[in-house]
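Taken together, the values in this text are just the output of simple stated rules run on the coordinates, not laboratory data. These numbers were taken from a predicted model, which means no experiment stands behind them. Counting neighbours? That spans all protein chains shown, and the Cβs are built from the backbone with ideal geometry, glycine included.
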Amino acid sequence: SDHRCQKCGQDVFGRYLVHSGKKYHPQCFTCADCQQPIAEPQFREKDGRLFHVGCAQRRFDPRCRICGLFVQADADGCIRYSEHPFFKDVYCRSHASDGSRTCTACTRKEARECPYVELPDGRHLCLDCIGSVVVDTMDAQPLYEHVLGFYRRRGMALPTKPPLLLVDRQTLNEEAQTEGVHESGAITRGLCMSTERTIQTVVREPVTERTTSGRVLTVGTQMRPVRKVLDCSVTAILVLYGFPRLLAGSIIAHECMHAYLRLNQYPKMTPKVEEGLCQLMAQLWLEEEVPKAADGELEAGSYFAHAIQTHSDPVYGDGFREALRAYKQYGLEQVLSHVRHSASLPI
């Protein structure tokens, strides 16, 4: 058996190759991928099978989305790389700090052969996201109508239709500071601007005294000032321009919920409860829209929903997950009724 080829079992005469103590005819020492003989001194072995270096790379090695090259092994022979948590794109770790551009909408890194489009304010969009981009206020109106229709179908028609304006980053940030909104590290992408008229009114309440025997007696009345909200109007909904349709729509759906709560004079609630409800409406809108999306939008649309579900922020992320749990248990109508009476989610 020492004189037999490991692959074909025939006797070995003349030139032969030895690998791991086993003999092969040169034409039998082949690559498990392309089936061609391996003539080079360097080859790769995986799970007992042999491969040309190039074939093994193509079949097993991660290729960097940015530079298009195979990720090189470190000095210790290990291949280490970064990976996008949703799209599973692979990146050489060196690109983390080399200024490689990221899509402002779907967060994928720019591949060298598919340059991103730069927006006037310095943000970048990939070619998939630019395909359905909402560029200005006019462009956004049909989408706004669509979102308002979604609210109507759920029995939550807005009593008035606030103007929807697409604005640049500077305007949005300035207005957000003026409104004093809760922001947690993320860039502001939308804003519901509202004004509230309150008046100081007086209520009469009994003044009581406890007798020595423990009885409570009403001994008179006193007036106490109380602030009463007369009305609340939503001046405008602002959304950052230059997002793809599904992301822009989910931001509009989020801001419309702020408007709905204000216009219907819901009580003041914690940012976690309010933002959680707004994220819930954005998510429900995406759940309706993503399945109907065009091919170019589908993957990014799934990512926008995934980003809401997995947001790590205690206000937007945990707030959403608590609102979703309440929604699944009680339905939207009951959740909103509970919030109206107690400014909190049903447990």
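Which entry is the computed log10 I(q)/I(0) by the Debye sum over Cα atoms at q = 0.09, 0.11, 0.12 Å⁻¹ for this structure: (i) -0.68, -0.85, -0.93; (ii) -0.53, -0.79, -0.93; (iii) -0.49, -0.72, -0.85? Recomputing log10 I(q)/I(0) by the Debye sum over Cα atoms at q = 0.09, 0.11, 0.12 Å⁻¹ here gives the entry labelled (i). Adding -39500 (n - 2.57) for every DSSP H run of four residues or longer, then dividing by how many residues the chain holds, sets the calculated 222 nm ellipticity at -10500 deg cm²/dmol. Within the listed set Gln265, Gln27, Gln279, the residue fluctuating most in the Gaussian network model of the chain (springs between alpha-carbon atoms under 10 angstrom) is Gln27. A crude spin-label estimate for the pair Val117 and Val135, with each label 7 Å from Cα along the Cβ direction, gives 0.7 nm. Between Glu174 and Thr107, full extension at 0.36 nm per residue minus the direct alpha carbon distance yields a gain of 21.7 nm. For a Förster distance of 51 Å, can you work out the FRET efficiency between the beta-carbons of Gln329 and Thr211, rounded to the nearest 0.05? Approximately 0.60, to the nearest 0.05. Pairwise inverse Cα distances across the stretch 17-60, averaged and inverted, put the Kirkwood hydrodynamic radius at 10.5 Å. For the listed residue pairs Lys22/Lys88; Lys23/Lys46; Lys109/Lys328; Lys109/Lys268; Lys46/Lys88; Lys161/Lys292, the alpha carbons are over 30 angstrom apart in Lys22/Lys88; Lys109/Lys328; Lys109/Lys268. How far, in degrees from 0 to 90, does helix 245-263 lean away from the longest principal axis of the Cα atoms of the chain, to the nearest 10? Rounded to the nearest ten degrees, it is 20.
Each Cα pair under 8 Å and six or more residues apart adds its sequence gap; the mean of these over the residue count of the chain is a relative contact order of 11 percent.
Applying 1/(1 + (r/R0)^6) with R0 = 35 Å to the Cβ-Cβ distance of Ala157 and Asp295 gives a FRET efficiency near 0.60. Identify which of Glu288, Glu45, Glu205 has the largest mean-square fluctuation in a Gaussian network model of the chain, with springs joining Cα atoms closer than 10 Å. Ranking Glu288, Glu45, Glu205 by mean-square fluctuation puts Glu205 first. Axis angle, to the nearest 10 degrees, between helix 271-289 and the longest C-alpha principal axis of the chain: 60 degrees.
Gain on full extension, evaluated as 0.36 nm per residue between His3 and Thr235 minus their Cα-Cα distance, stands at 74.5 nm. Computed from the C-beta positions of Gln57 and Lys88, the FRET efficiency with R₀ = 22 Å rounds to 0.75. Taking θ as phi - 60° and the Karplus parameters 6.51, -1.76 and 1.60, the scalar couplings of the stretch 36-48 work out to 8, x, 9, 9, 6, x, 9, 8, 10, 10, 9, 6, x Hz in sequence order, x denoting glycine and proline.
Charged side chains reduced to their Cβ positions (Lys and Arg at +1, Asp and Glu at -1) give the chain a dipole of some 960 debye around its Cα centre.
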